[in-house]
Amino acid sequence: MAGYSYITLAQLRGELLARLQDSGAVFTTVPEANIYIAEALHVLNAQTFAQGMTDFQFDFAVGDTWKTLNVAGSPRERTVTDAQLYTQMEAMLLEPMSGGTWTGTNQYNVGLLSAALEYRRDELLLQSAANPASISQNAPLMAVRSTLPDSTLDLFRVRYIAQDGSMPYVLGREDILTKNAFGPLLAINPGSPESWMITANAPLTFDVSCPTNQPATLDMIVSNAGASLVPPTPTVLGLPDDWAWVAMYGALADVLANSPEGHDSEREKYCLQRYQQGLKAMLRLPWLLQATVASIPVDTPSYKEMDSWLQNWESRQPTGDPMVVVGGIDFVALAPFNTGQGFGTGGFGGGGFGGSTVPVSTVLTVVGNAPIPVVDADEVQLSRDGVDAVLSYAQHVASFKMGGAEFMQTIPLLEQFEAYCRKKNSQYAALGIFRPQILMEGNRREEIDPRFEMETNVKR
């Protein structure tokens, strides 16, 4: 694959250390400098997708339903661990870089770092819905209430699958007011439910509109919390790699606010601002740009669009018109599901694809993780015009440990980096007619069914 080959990690690090007036890597060690360069590359890719756009062949085998792109070999694989972030936070707090095993002063401890990081990670997962999953459980027979696993952050979709062989269907979403207004007797008349609603015990319980009168399954899409962090064992954080820094700055804000000996209100405020800016950007982060099946472009609607257009699209989607349905960030399905029956005589576009035992191959154009150099000889995948911006960002973050006025004087370096990102996005926008629409392709559900009410829409 073609790439940049004009500068290595060792050369870029040398330029960073020269800017820090520490060419001997005395005050900023080699591993530490590498961490700051990696963060700069992650943030650059998060804000401009400069080197991340890539095509990824993603196969649907027979029997596959919803699938996550967070798998080995995927450009969207999530690999950043909590131990990596502890190591960086330790360096930024002038503590020994020992990961999940604390060897530093009494100002902080790894338990403080871990608790803050887990809290901020799950807050990000709730607001960005970046950890969707498909779960199934039995419908409550002759009852209305179901309880979700306590790892559930949000419930998006409920599909009712009766065991009598009738066609499955998606339940509409209501609230208590609409249910009581249009069906006051539903709660005492068993039948097949038509809707679901969050109850007073939200978010872990929900009710269906009437008691179910036969055995059935509720097939759901939920947003999950991340795995528990148990240092010193490294745990994959569960956020997209290019956005893990957002959780880190949120955790640093909490640590600097709550440590009796290490309190620093100025840097706490800075970290909280970085966290809030990153959180706002994550709410609409681009990740999927387009998809093809059998080399033919296909639509990438949200499940909300598909449910409105065709009930039980999982098996009823026209065989000559497949689609890649988006269930959330890094979470997709093929419509119809690959049942092993093929996609009709003649197949898609007349060429045929699928079959009783043949996987269906899609090619997804996604915003992949930023390529991060690991060893000194690795070539940094960075356009020449971005070197100064990356070095400015890395210099700024490397100065965090100085604190006080010395650190605050480096804020213009961050502003220079952000100005470069805006200019780069402006350049890319001029290259395409519908760039804003393309970037939102993976988030179409947010346009028609937002998960959060905008403050400007709240009526008092």
Quarter of the surface of the C-alpha convex hull for the range 266-339, i.e. direction-averaged projected area in nm², equals 6.6 nm²
Under 20 Å, Cα to Cα: Lys pairs in the chain, sequence gap 8 or more or different chains | 5
Value of Rg/Rh across the chain [Cα atoms, Kirkwood radius] = 1.01
Convex hull of Cα atoms in the range 132-224, direction-averaged projection (nm²) = 5.4 nm²
Spin-label model distance (nm) - Glu415 vs Arg316, 7 Å beyond Cα toward Cβ = 5.8 nm
Please quote Rg/Rh for the range 209-342 to two decimal places, taking the Kirkwood radius as Rh and restricting both calculations to Cα atoms.
-> 1.14
Taking only the alpha-carbon positions of the range 1-98 and ignoring solvent, what does the Debye formula give for the base-10 log of I(q)/I(0) at q = 0.25 Å⁻¹?
-> -1.36
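No value in this document is a laboratory result; all are computed from the given coordinates. This one's a predicted model, so the numbers in the text were calculated from it and none came from an experiment. When we count neighbours, we look across all protein chains shown, and the Cβ atoms used for this are built from the backbone with ideal geometry, even at glycine.
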